[in-house]
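What follows is a single structure, written as structure tokens, with notes after it.
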Amino acid sequence: MHGNSVRTQKTAGKMVANEPLWFRVLLISLCYLIALVLIIVPLIYVFVQAFSEGFSGWWNNLFNDAETRHSVFLTLIVVPLAVLVNTVCGVAAAWTLTKFKFPGRTLLMTALDLPFAVSPVVAGLMFVLLYNLRTGYFAPLLNSMGFKIIFAWPGLVMATMFVTIPFVARELIPLMQALGDDEELAAVSLGASPWQIFWRVTLPNIKWGLLFGVIQCNARAIGEFGAVYVVSGRIERETYTMALRVEKLFQDYNNPGSYAVASVLTLMALSTLVLKIILERMVAASMEQSSSE
Amino acid sequence: MSISVQNLSKRFGDFVALKNVNLEVPSDSLTALLGPSGSGKTTLLRIISGLESADEGSILFKDEDVTTRSARDREVGFVFQHYALFRHMTVFENVAFGMRVRNSPNNEVRERVNELLHLVRLEGLGQRYPSELSGGQRQRVALARALAVKPRMLLLDEPFGALDAKVRQELRTWLRKLHEEMHVTTVFVTHDQEEAFEMADQVVVMSQGHIEQTGTPQAVFDNPATSFVMDFLGNVNVFHGRVQSGRVQMGPFSLQYDEYQHEEPRDATAYVRPHELDIDRSPSQASLLGKIKQINPAGSVLKVRVAVEEFGVELNVDVTHYRAKQLELKLNDIVYVHPRSVRVFMPETDYVI
């Protein structure tokens, strides 16, 4: 939980270091080495490659390629849809799991983590087997409705949703548990309707945590590759999201094009990171406020 | 508005929180639900408010059955133990909440909130947030918030539980005065017998999900109905003995006891309050020889602990400062202790036989 991590950072600052100097230097250098090799160098390399033909080359690769343009467009459709549905479901799930006690509650809580444990490729395959129009379990129903899921955008949304569903609920459950339900009960006794309670009491209390969860969910949704790859069927100008497009361009030996799209994804990730840091502080502050009462 | 609780029962799984509770709260009174934790007092309060539902029985406000009504529609002011203020709202908006959800016009809200902030002596703090207030101030905001919607009654759950002794004392006196000015039927839960006796018109002593005794503080204190009540209402000295033929025998004491005239002896327990014991230098009929182990001043009295070897017990005796000076009491002095009055309770099963 992020709240904990903030607290640990604080105590770590006060920790007395009694290990020998050479040991500390070794450990710290090792950390820097790993960060350098795995994160910093590749990150810089993405931008170096993306701009290898200059800014105009980068711009051309992004917006003068019809297929790339379509992939940006598709991502801008699929991701907000998946995030929106997951936000609503995540709030509902967190509310249900924290405010009520019912049989199977712990099981449901564990099931929420399943998408983190299951390989995205397996998840995608699952959807293909269930919803394809020829041999799928739901094929008769889908055919009669004339609705295509696999190898079409609804499949992309579903696969993205599956992979990112835990983020919002996982963020809210500990927060809502810490807040308790006293304030909601007080609102009830003051005559508020359930709807008023949600908008005036619950939502303002969880807003930073919610936003934090949404941002994480969004970042993961944009970058999702495995599950989407399987359900997309890779149809040009139909089912290529940005992440899939990066791979396609790379396979076609179009390195600058591939890196240009990758650089946009990276920029999105970096801005998410900055937002995350800001929000983490907000959430920690609201948690502290709750514990002081 | 009077409250009537009829044959109320409530279980949480295997735990019986309330069993067949009956209670009348007179209109405009200040009633204390007093009992140890787990006695069901908070559950009873929450069922009256509608925040919890009963398994059996009914709740009447005056003549109106509200048992199936939700907390939202009961028009009850509820003050939570930990205040449950809306942390993201200012003090002003906290108090205004009940009116806001009823869509009261803005000027009306402002007028009423300012009036209430004046009443709870928090003028000028309207724009603060709950986290910027002291415990006592938060409690008063919670009270103002509950009063804002002109509730038919006020229910308080351990209202001063989380406050330090001095603030608690101030708020008790203040709440009692406020109650006299407002005339709202008020029920509060407490585990502190001093608090209950100091504030309430009516004290309801509860234990293990049922009511042990209901009455005015004076009546409950002077005539405890059961050994539990006797034990719970402050310090007591306990003697084990037996009753027989209209007398109770406790070691050297023998006192008249008209309630039991049988010849067959029965076990009984006698309770003596510390202020009902006298200390003297010379023996009288029915006194115990003991040695002073401890002398502590506690307000208007001295608390003296006397070890009685014959019984293997230590007695708590309240002695006035004047009397202590007269007797020149010191540690390790040998003194005689004798009770002025004794209450005898026999185990309930004995009555059945």
For B:140, B:102, what ranking results if the residue with the fewest other Cβ atoms within 10 Å of its Cβ goes first? B:102, B:140
Under Karplus coefficients 6.51, -1.76 and 1.60, residue-wise ³J(HN,Hα) of segment B:291-297 in Hz, glycine/proline x: 10, 6, 9, 7, 10, 10, x
Contact order normalised by residue count of chain B, Cα under 8 Å, 6+ apart, percent: 16 percent
Suppose we keep just the DSSP beta bridges with both residues in chain B; what percent of those would be antiparallel, to 5? 75 percent
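List every DSSP H helix in chain A whose Cα atoms extend 27 Å or more along the helix's own long axis and whose mean Kyte-Doolittle hydropathy is at least 0.5.
Helices passing the filter in chain A: A:66-99, A:203-223, A:255-292.
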Nearest 10 degrees, 0 to 90: what angle lies between the long axis of helix B:106-119 and the longest principal axis of chain B (Cα atoms)? 20 degrees
Kirkwood Rh, segment A:55-206, all Cα pairs: how many Å? 18.6 Å
In terms of the charge dipole of the protein assembly as shown, which places +1 on Lys and Arg and -1 on Asp and Glu at the beta carbon, the residue among B:234, B:90, B:248 farthest towards the positive end is B:90
Ordered by residue, what ³J(HN,Hα) values in Hz, to whole numbers, does segment B:123-132 give under the Karplus form 6.51 cos²θ - 1.76 cosθ + 1.60, where θ = phi - 60° and Gly and Pro are x? 4, x, 9, x, 8, 6, 9, x, 5, 9
Packing-based exposure ordering (other Cβ within 10 Å, fewest first) of B:10, B:303, B:62, A:248: B:62, B:303, A:248, B:10
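Using the Cβ atoms and a cut-off under 10 Å, what net charge is assigned to the surroundings of residue A:244, where Lys and Arg are +1 and Asp and Glu are -1?
Details: positive: A:234, A:245, A:248; negative: A:224, A:247.
Once all neighbours under 10 Å are counted, the net charge is +1.
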In what order do A:189, B:49 fall by count of nearby beta-carbon atoms within 10 Å, going from fewest to most? B:49, A:189
Please list, by residue number, every one of the chymotrypsin sites (Phe, Trp or Tyr not before Pro) in segment A:27-103 that is coil in DSSP and has at most 11 other beta-carbon atoms within 10 Å. A:100
If you take the beta carbon distance between residue B:321 and residue B:7 as r and set R0 to 45 Å, what does 1/(1 + (r/R0)^6) give as a FRET efficiency, to the nearest 0.05? 0.35
Going through segment A:66-168, which trypsin sites (Lys or Arg not before Pro) have at most 13 other Cβ atoms within 10 Å and a DSSP loop state? A:101, A:134
Which is farthest toward the positive dipole end of segment A:55-292 among A:166, A:198, A:240, measuring Cα position about the Cα centre, with Cβ charges +1 (Lys, Arg) and -1 (Asp, Glu)? A:240
Relative to the present Cα-Cα distance, how much length would full extension add between residue A:45 and residue A:85 at 0.36 nm per residue of separation? 10.9 nm
Identify, among B:270, B:217, B:199, the residue whose Cα sits farthest towards the positive end of the charge dipole of segment B:122-281, taking +1 on the Cβ of Lys and Arg and -1 on the Cβ of Asp and Glu, with the dipole about the Cα centre. B:199
Can you list residues whose amide H is under 5 Å from residue B:242's amide H, if they're 5+ apart or on another chain and H is modeled 1.01 Å from N? B:249, B:268
Cβ-derived FRET efficiency at R0 51 Å, residue B:201 paired with residue B:281, nearest 0.05: 0.75
With angles folded into 0 to 90 degrees, how steeply does helix B:165-182 sit against the dominant principal axis of chain B? Use alpha carbons for both and round to 10. 60 degrees
Estimated inter-spin distance, residue B:231 and residue A:118, nm [label 7 Å along Cα→Cβ]: 5.8 nm
Compute the FRET efficiency between residue A:32 and residue B:264 as 1/(1 + (r/R0)^6), taking r as their Cβ-Cβ distance and R0 = 56 Å, and round to the nearest 0.05. 0.05
Where is the GNM fluctuation largest for chain A (alpha-carbon springs, 10 angstrom cutoff): A:227, A:35, A:159? A:35
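Each reported figure results from applying straightforward, stated rules to the coordinates on display, with no laboratory input. On a predicted model such as this, the values are computed, not experimentally measured, just so you know. Glycine gets a Cβ as well: all are built from the backbone with ideal geometry, and neighbour counts include every protein chain shown.
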